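Have a look at the structure below before the remarks.
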Amino acid sequence: MPAKLPIVSEPRQIFGRLHLSRARFDELCGASFPDVSEDPGVLAWLAAGSYYGPRYTAEIVRERLAEYGSVREWLDAVVAPGAWGFPMPVRNRYDEAECSWTLGVLDFSENYDDYLAAVAVFRLAAAYKDLPGDDGMLIYGYMFGDNEISVALRVDIGQSSFLSEDEAGALVAQADETMEALMAEGAASAPLDHDTA
């Protein structure tokens with residue numbers, strides 16, 4: 001059973017890691033944005049969610065994700081400076097030596113439409129993943145919410161699956177490591193307050 005979905009009121013953090021060749025990563029980024037409106041796993045995850053507004057239907061899923069033409073458009077939007085008024089550190093890096101891509105964003109979103117878009121991309125990523133690895137995507141409350149999980153997804157070669165909170169422990173540990181590094185980067189780059197009195 002997927003992790004229990006909370007009613008969200010603070011921005012969540014997103015983490016993703018995929019082991020795949022550079023060629024397949026580039027193909028994933030250039031792929032058309034996926035239609036998950038008939039994906040039974042996605043619809044079951046949404047049905048279990050606690051969120052404001054009308055319940056998601058296949059039609060609403062299609063409408064809410066229509067703004068993205070490609071995975072690259074989604075990724076560019078995710079790593080763009082957020083609403084905090086200043087850029088926060090992000091991780092969007094393909095490691096040539098490790099043949100892995102890592103995504104980490106501190107000020108991701110509190111909106112289920114954004115969670116849905118992330119799920120769609122990482123469900124699609126399974127079709128492009130061509131290397132083994134303990135991979136997946138996590139949206140959770142690292143900064144707010146005591147690590148409460150909004151969605152956890154395991155991504156294997158050719159398939160993906162939703163994870164319960166218990167099953168997501170290894171993914172949370174990976175995500176925490178990335179978020180800690182991003183917090184340190186942010187602290188190091190933050191302007192110092194000076195007493196001008």
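Every number in this text was worked out from the coordinates using simple rules, so none of it is lab data. All values reported here derive from a predicted model rather than from experimental measurement. Please note: Cβ atoms are built from the backbone with ideal geometry, for glycine as well, and neighbour counts cover all protein chains shown.
If the chain linking R93 and E185 were pulled fully straight, counting 0.36 nm for each residue of separation and taking away their Cα-Cα distance, it would gain 31.6 nm. Which value in nm describes the separation of the simple spin-label points at S21 and D146, placed 7 Å from the Cα toward the beta carbon? Distance between the two pseudo-spin positions: 4.7 nm.
Per-peptide packing, taken as the mean over residues of other Cβ atoms within 10 Å, places 159-166, 107-114 in the sequence 107-114, 159-166 from highest down.
Quotient of the Cα radius of gyration of the chain and 2.2 N^0.38 Å, N being its number of residues: 1.02.
State which helices in the chain qualify, where a helix is a whole DSSP H run, it must extend 27 Å or more along its own axis by its Cα atoms, and its mean Kyte-Doolittle hydropathy must be at least 0.0.
Working: long enough: 169-189 (30 Å, 0.40).
Result, helices passing both filters: 169-189.
Applying the Karplus relation 6.51 cos²θ - 1.76 cosθ + 1.60 with θ = phi - 60° to segment 91-107 yields 3J(HN,Hα) values of 10, 9, 9, 9, 9, 5, 5, 8, 6, 9, 10, 10, 10, x, 9, 6, 10 Hz, where x marks Gly and Pro.
Per-residue ellipticity at 222 nm computed for the chain from its helices equals -10500 deg cm²/dmol, with DSSP H segments shorter than 4 residues left out and the rest contributing -39,500 (n - 2.57). Using 0.36 nm per residue and subtracting the Cα-Cα separation, the extra length available between D166 and A66 on full extension is 32.7 nm.
Given their separation in residues at 0.36 nm each and the Cα-Cα distance between them, T57 and E177 gain 39.7 nm when the chain is fully extended.
Taking only the alpha-carbon atoms of segment 97-197, what semi-axes of the equivalent ellipsoid follow from 5 times the gyration tensor eigenvalues under a square root, in whole Å, largest first?
On the way: eigenvalues 176, 51, 32 Å².
Working from the Cα gyration tensor, I get semi-axes of 30, 16, 13 Å.
Stokes-Einstein diffusion for segment 20-65, with the hydrodynamic radius set to the Kirkwood value over Cα pairs and evaluated at 37 °C in a medium of 0.692 mPa s, equals 264 µm²/s. In order along segment 32-37, the Karplus-derived 3J(HN,Hα) couplings, from 6.51 cos²θ - 1.76 cosθ + 1.60 at θ = phi - 60°, round to 5, 5, x, 9, 9, 5 Hz, and Gly and Pro are given as x. For V151, nonlocal amide neighbours, meaning residues 5 or more places apart or on other chains whose placed amide H falls under 5 Å from its own, are I139.
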